[in-house]
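Asks: After the structure tokens below, expect a handful of questions from me.
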Amino acid sequence: MSVYDFPGYTWLPFEGKRHAYPGAAKRDKEPVTLFCQLAASAWAYELGALERLWPECDICREMVGKVVDHRSALRERARDTFHVYGDRPPYGWISRHGAPPP
Ligand SMILES: [Zn+2]
């Protein structure tokens, strides 16, 4: 699994709260299942829309945090295993494992 396999998330105002669903933004009126398991219809809202000030759904906020953590962990793992820089230890390797043996 790479960072590109993981779908990310999209925020969606719904019934007075800001929720989120997995994956990229869908087209207007397309059905989505929110992280908190509510069924909603996707819609695009403006940057200045008042819905952006609505409180976040607790469950969706927690799940978005997990998505972000998971994506950064995958990105870090990809950096450590992508050997394009010759024999130099991968980025971050020394800080976590110490200097490699001579
Ligand atoms: Zn929610």
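The values are calculated or read from the model by the stated rules, or taken from the named source; none is laboratory data. What you see is a predicted model, and the numbers here were worked out from it, not measured in a lab. Glycine gets a Cβ as well: all are built from the backbone with ideal geometry, and neighbour counts include every protein chain shown.
Asks: Of everything in region 28-37, what is exposed (fewer than 11 other Cβ atoms within 10 Å of the Cβ) and within 9 Å of the ligand (Cβ to nearest atom)? Give them in sequence order.
Replies: Gln37
Asks: Also, I was wondering about something else. Working only within region 40-76, note down all residues that are loosely packed, with under 10 Cβ neighbours inside 10 Å and of a type in the set (A, V, I, L, M, F, W, C).
Replies: Answer for region 40-76, where residues must be loosely packed, with under 10 Cβ neighbours inside 10 Å and of a type in the set (A, V, I, L, M, F, W, C): Leu47, Leu50, Leu53.
Asks: Moving on to the next point. Look at Ala25 and say whether it is modelled with pLDDT of 95 or more, in contact with a strand residue (DSSP E or B) (Cβ under 7 Å, 6 or more places away or on another chain), surrounded by 10 or more Cβ atoms within 10 Å (Cβ to Cβ) and more than 13 Å from Val67 (Cβ to Cβ).
Replies: no
Asks: Still on this structure, please answer the following. Is region 72-88 home to any residue that is over 30 Å from Ala99 (Cβ atoms) and either more than 15 Å from the ligand (Cβ to nearest atom) or modelled with pLDDT of 80 or more (or both)?
Replies: no
Asks: Checking Ala20 against (1) surrounded by fewer than 12 Cβ atoms within 10 Å (Cβ to Cβ); (2) in contact with a helix residue (DSSP H, G or I) (Cβ under 8 Å, 6 or more places away or on another chain), only one condition comes out false. Which one?
Replies: Of everything listed in (1) surrounded by fewer than 12 Cβ atoms within 10 Å (Cβ to Cβ); (2) in contact with a helix residue (DSSP H, G or I) (Cβ under 8 Å, 6 or more places away or on another chain), Ala20 misses just condition (1).
Asks: Okay, moving on. Kindly indicate which of Ala44, Ala20, Ala25, Ala40 is over 30 Å from Ile94 (Cα atoms) and touching a Ser or Thr at 6+ places or on another chain (Cβ under 6 Å).
Replies: Going through Ala44, Ala20, Ala25, Ala40 in turn, just one is over 30 Å from Ile94 (Cα atoms) and touching a Ser or Thr at 6+ places or on another chain (Cβ under 6 Å): Ala25.
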